[in-house]
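What follows is a short report on a single structure.
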Amino acid sequence: MDTMQTGRFLASLRREKHLTQEQLGEKLGVTNKTISRWETGSYLPGVDMLQLLSKEFDVSIGELLAGERLTKENYREKTDAALSEVLRQENFTIKERYAYWEGKWKREHKLFRISFPAAAVILLAAGMWFQNQWLLMLAAPAGLLGHMIINNRKMAYIERHTFEE
């Protein structure tokens, strides 16, 4: 992976959108100096910025890292090579990777995260409304089981992504 090529690609994408470095920086919440450093290849954008840049310019993260638009034929080869190189050079600690993947899981699974607690609250409310002790007795285990399932799935996701090579 060539950081200079990635930088030139970012600069060309920015120009295609008729944006100045300052305007792009404002959209991403970084300074124009940061944009300049990316474009000159001084350093690469972080993972979170790669996602934002990918959306802003309607290209894949693999294309950003490869520093070019990719065809279907060479997409996998180029993105795998670029990603492997980035991972070898990355300076993220395990804690930082864990935090990143945990945040990503939480954003992607909002509905799933509220479904089990909501079911427990509904059982509790129904038990109180109908004065049914069985519904009341099911509310706590349902909430606990839901919490355990959610936490287990979250941890499996985070660990798989944090420690994969």
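The table below lists the values:
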item	result
Those helices (runs of 4 or more DSSP H) lying entirely in region 68-150 with at least 1 residues modelled with pLDDT of 85 or more	94-108, 110-129
Contacts under 9 angstrom Cβ, first residue in region 41-54 being over 12 Å from V30 (Cβ atoms), partner aromatic (F, W, Y) and part of a helix (DSSP H, G or I), 6 or more apart	L44/W38; V47/Y100
Among (1) aliphatic (A, V, I, L, M); (2) touching a Lys or Arg at 6+ places or on another chain (Cβ under 8 Å); (3) in a loop (DSSP other than H, G, I, E, B) - the single one L24 does not satisfy	(3)
Condition broken by D58, with the remaining ones in (1) at positive phi; (2) free of Cβ contacts under 8 Å to residues at least 12 places away in the same chain; (3) surrounded by 14 or more Cβ atoms within 10 Å (Cβ to Cβ); (4) of a type outside the set (A, V, I, L, M, F, W, C) satisfied	(3)
Some residue of region 5-27 being of a type in the set (V, I, T), closer than 22 Å to T79 by Cα, out of contact with any strand residue (DSSP E or B) (no Cβ under 8 Å at 6 or more places or on another chain) and without any contact (Cβ under 8 Å) to a residue 24 or more places away in the chain	no
Residue, nearest to the chain's Cα centre (by Cα), within region 130-165, restricted to residues that are among the small types (G, A, S) and surrounded by 12 or more Cβ atoms within 10 Å (Cβ to Cβ)	G146
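The values are calculated or read from the model by the stated rules, or taken from the named source; none is laboratory data. What you are looking at is a predicted structure, and each value in this text was computed from that prediction instead of being measured. Reconstructed Cβ throughout: ideal geometry from the backbone, glycine too, with neighbour counts over all protein chains shown.
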